[in-house]
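What follows is one structure encoded as structure tokens, with my remarks underneath.
The values are calculated or read from the model by the stated rules, or taken from the named source; none is laboratory data. Every value quoted in this text rests on a predicted model; they were computed, and no experiment measured them. Reconstructed Cβ throughout: ideal geometry from the backbone, glycine too, with neighbour counts over all protein chains shown. Keep in mind that these areas ignore ligands, DNA and RNA; they rest on the heavy atoms of the full protein, side chains included. Shrake-Rupley method; radii C 1.70, N 1.55, O 1.52, S 1.80 Å.
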Amino acid sequence: MSADIEGCKAALAHLDLDDNPKTVKQKSRDFFWYSPTLKARLDHVTADFVVAPRTEAEVIEAVRTAFAHDVPVTTRGAGTGNYGQAMPLAGGMVLHMKHMAAVKEIGPGRVVAEAGAIMAEVDKACRAQSGQELRLHPSTVNTASIGGFIAGGSGGVGSIRWGGLRDAGNILSIRLVTCEAEPRVLTLTGDEIHKANHAYGVNGIITEVAVPLAPAYDWVDVLVGFETWEGANRYADMVANQDAILLKELATVAAPVGHDYFLRHKKFVGRETHLAVAMVAPHALDAFLTVTARDRRAEVLFRSDRDDAQGLPPAYELAWNHTTLRALRVDPSITYLQVLYGAPDHVEKILRMTEIFGDEVPGHVEFVRMDGRVRGAGLPLVRFTTEERLEEIMAIHEAEGCPIFNPHRYTLEEGGMKQTDPLQLAFKRETDPKGLLNPGKMIAWDDPDYDFETNQLYLFPGLAAAS
Ligand SMILES: Cc1cc2nc3c(=O)[nH]c(=O)nc-3n(C[C@H](O)[C@H](O)[C@H](O)COP(=O)(O)OP(=O)(O)OC[C@H]3O[C@@H](n4cnc5c(N)ncnc54)[C@H](O)[C@@H]3O)c2cc1C
């Protein structure tokens, strides 16, 4: 199967199509460079052209034409994914959703938006029209698209209250276009949602989503300081379990990360200070401060309702992968991991990892609710030396009972549970019979017998063709 790029471009020339190599390369990149492993392997990747549809009918036309010309299609929201999810490994077309940004319907507890809508814009519209807000958003809310979050993200700000995208109820429906001779439009609800949730767009182009809303608050950002990492995590776990205190975010960050990398908050944070970072509903602040005062180790260092917050980033931009971003800006050699510290001994696991690695792996834990229980979703920083050492650090985590969701891999399987998701694979057979959608991201499609036990990075054969 060889792609007829020129034929496809000619047939779509009346759409918003860009084939300037410089801008096409820009639109072919995401935050893959977060990982030194991916940076070394994906830097050359580029598509042949970009199409930005204005309507679902144009999506259908673009995909129908790509199918007829055997051209790979990689959908792009805002390109903030950080595992190379949006990198067009086999070249071809990038389908950029930027024009499909309408907020279509806001009702009690629910918003329907086109996939390319930037999440902060959706949130703003919901606040203005209904006094509601998005329950869940990534820390990239100001730049990421809602379709990209559902196709490529996992959870984030709000997960302390609402869990992650995989939890039933956090996505209400997904509307998508298949990649066939005659593309179909499908609406997924219930368990079907998981066919396309966190599937990197390998089995359909999401054009519209419905997600739940909650009452909107002017969240108060609070930084609480501790002399010990243990103190910070025991405190965070205690607060996370206070069911009556409404939080939108709760994370811990080990010293010296707050002081060295949160540059605009530096004046509040000593170099030896370990932090808890929280977003608290205004009506819950008194209770939050009351339970904080009960912990003699805790010192409130900053409150956005009390201190001058002018020019400071919001607390959620100190959290999730923004912690890593801030560190990278100061020290480009830093990278990170994604770790699950499972309940009920999540705090012990967090402390054990710090005991093993010390300042080579500075701690960063997002406290989240999963299946009704508080756990730690770790995004610790890593002071990177070699790929071998990085692999060793991950292997030690796994051996100590702390599963890794490897952010140094671009495939669904290696970045996830290291096994095929049969539901997503079966759906791909149905929706993408030629395997044109985001090639190279689902190992099970390319190599059903792949052995995940080797722990070697899967190299998509088409990657060489795109270089
Ligand atoms: C600083 C930083 C902080 C982050 N914080 C978080 C966080 O808190 N939580 C979190 O989950 N992630 C986080 N991420 C990762 C990423 O920002 C989010 O997952 C984000 O929601 C992705 O949205 P996007 O529009 O940029 O998607 P993109 O990067 O453009 O795409 C992501 C994936 O989805 C596919 N895709 C995009 N749009 C569609 C569509 N319409 N149909 C089908 N497939 C599609 C792409 O092909 C790609 O595989 C962070 C990343 C960075 C760099």
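In the stretch 150-164, how many residues are buried (at least 24 other Cβ atoms within 10 Å of the Cβ), touching a Ser or Thr at 6+ places or on another chain (Cβ under 8 Å) and farther than 17 Å from VAL277 by Cα?
Number of matching residues: 1.
Looking only at the stretch 108-160, how many residues end up being touching a Cys at 6+ places or on another chain (Cβ under 6 Å) and without any contact (Cβ under 8 Å) to a residue 24 or more places away in the chain?
Of the residues in that region, 0 qualify.
If you check LEU250 against the conditions, is it away from the ligand (no atom under 14 Å from the Cβ), at negative phi and within 21 Å of the chain's Cα centre (by Cα)?
The answer is no for LEU250.
Strands (runs of 3 or more DSSP E) wholly in the stretch 298-373 with at least 3 residues that are within 22 Å of the chain's Cα centre (by Cα) - which ones? Before the answer, list the steps.
Values: elements: 299-303, 334-336, 339-341, 364-370.
Qualifying strands (runs of 3 or more DSSP E): 334-336, 339-341, 364-370.
Could you tell me how many of the residues in the stretch 144-159 are near the ligand (Cβ under 7 Å from one of its atoms) and either touching a strand residue (DSSP E or B) at 6+ places or on another chain (Cβ under 7 Å) or under 16 Å from ALA319 (Cβ atoms) (or both)? Lay out the reasoning, then the answer.
Pass one, the stretch 144-159, residues near the ligand (Cβ under 7 Å from one of its atoms): 144-145, 147-149, 151-157.
Filter once more, so that each one left must be either touching a strand residue (DSSP E or B) at 6+ places or on another chain (Cβ under 7 Å) or under 16 Å from ALA319 (Cβ atoms) (or both): 144-145, 147, 149, 151, 153-157.
Count: 10.
Using the structure shown, decide if ARG184 is away from the ligand (no atom under 13 Å from the Cβ), modelled with pLDDT of 95 or more and open to solvent by 50 Å² or more (accessible area, probe 1.4 Å).
Working: away from the ligand (no atom under 13 Å from the Cβ): yes; modelled with pLDDT of 95 or more: yes; open to solvent by 50 Å² or more (accessible area, probe 1.4 Å): yes.
Criteria met by ARG184.
What is the residue count in the stretch 113-143 for residues that are more than 11 Å from the ligand (Cβ to nearest atom), open to solvent by 10 Å² or more (accessible area, probe 1.4 Å) and part of a strand (DSSP E or B)?
1
Could you list, in sequence order, all residues of the stretch 69-103 that are open to solvent by 20 Å² or more (accessible area, probe 1.4 Å), more than 9 Å from the ligand (Cβ to nearest atom) and of a type outside the set (Asp, Glu)?
Answer for the stretch 69-103, where residues must be open to solvent by 20 Å² or more (accessible area, probe 1.4 Å), more than 9 Å from the ligand (Cβ to nearest atom) and of a type outside the set (Asp, Glu): HIS69, ALA90, LYS98, HIS99, ALA101, ALA102, VAL103.
Quick one: is TYR341 among the hydroxyl-bearing types (Ser, Thr, Tyr), at pLDDT 95 or above, touching a Lys or Arg at 6+ places or on another chain (Cβ under 6 Å) and within 25 Å of PRO138 (Cα to Cα)? Walk me through how you get there before you give the answer.
Numbers: among the hydroxyl-bearing types (Ser, Thr, Tyr): yes; at pLDDT 95 or above: yes; touching a Lys or Arg at 6+ places or on another chain (Cβ under 6 Å): yes; within 25 Å of PRO138 (Cα to Cα): yes.
So TYR341 fits the description; yes.
Determine if the stretch 427-437 includes at least one residue that is within 30 Å of ILE205 (Cβ to Cβ), open to solvent by less than 10 Å² (accessible area, probe 1.4 Å), among the hydroxyl-bearing types (Ser, Thr, Tyr) and assigned to a loop (DSSP other than H, G, I, E, B). Explain how you work it out, then say what you get.
Our first condition is that a residue be within 30 Å of ILE205 (Cβ to Cβ); within the stretch 427-437, this holds for 427-437.
Now restrict to residues that are open to solvent by less than 10 Å² (accessible area, probe 1.4 Å): 427-428, 431-432, 436-437.
If we keep only those that are among the hydroxyl-bearing types (Ser, Thr, Tyr) as well, we get 431.
Going one step further and asking which of them are assigned to a loop (DSSP other than H, G, I, E, B), we end up with none.
Checked the stretch 427-437: no residue is within 30 Å of ILE205 (Cβ to Cβ), open to solvent by less than 10 Å² (accessible area, probe 1.4 Å), among the hydroxyl-bearing types (Ser, Thr, Tyr) and assigned to a loop (DSSP other than H, G, I, E, B).
Regarding the stretch 304-326, can at least one residue be identified that is open to solvent by 20 Å² or more (accessible area, probe 1.4 Å), aromatic (Phe, Trp, Tyr) and more than 16 Å from the ligand (Cβ to nearest atom)?
Start the filter on the stretch 304-326 by keeping residues that are open to solvent by 20 Å² or more (accessible area, probe 1.4 Å), which leaves 304-312, 314, 316-317, 320-322, 325-326.
Adding the requirement that they be aromatic (Phe, Trp, Tyr) leaves 316, 320.
Now drop any that are not more than 16 Å from the ligand (Cβ to nearest atom), which leaves none.
For the stretch 304-326, residues open to solvent by 20 Å² or more (accessible area, probe 1.4 Å), aromatic (Phe, Trp, Tyr) and more than 16 Å from the ligand (Cβ to nearest atom): absent.
Which residue, of VAL257, VAL361, is modelled with pLDDT of 95 or more, within 16 Å of the ligand (Cβ to nearest atom) and under 30 Å from TRP33 (Cβ atoms)?
Working: VAL361 fails: within 16 Å of the ligand (Cβ to nearest atom).
One residue alone meets the criteria, VAL257.
Out of ALA232, ALA236, ALA255, I need the residue that is within 16 Å of VAL368 (Cβ to Cβ), aliphatic (A, V, I, L, M) and buried (at least 23 other Cβ atoms within 10 Å of the Cβ). Which one?
Only one candidate qualifies: ALA236.
Give the stretch 13-68 a look and list any residue that's among the polar types (S, T, N, Q), part of a loop (DSSP other than H, G, I, E, B) and either away from the ligand (no atom under 16 Å from the Cβ) or open to solvent by 10 Å² or more (accessible area, probe 1.4 Å) (or both), or say none. Reasoning before the result, please.
Step one: list which residues in the stretch 13-68 are among the polar types (S, T, N, Q), which gives 20, 23, 26, 28, 35, 37, 46, 55, 65.
Now drop any that are not part of a loop (DSSP other than H, G, I, E, B), which leaves 20, 28, 35, 46, 55.
If the condition is that a residue be among the polar types (S, T, N, Q), part of a loop (DSSP other than H, G, I, E, B) and either away from the ligand (no atom under 16 Å from the Cβ) or open to solvent by 10 Å² or more (accessible area, probe 1.4 Å) (or both), then ASN20, THR46, THR55 are the ones that fit.
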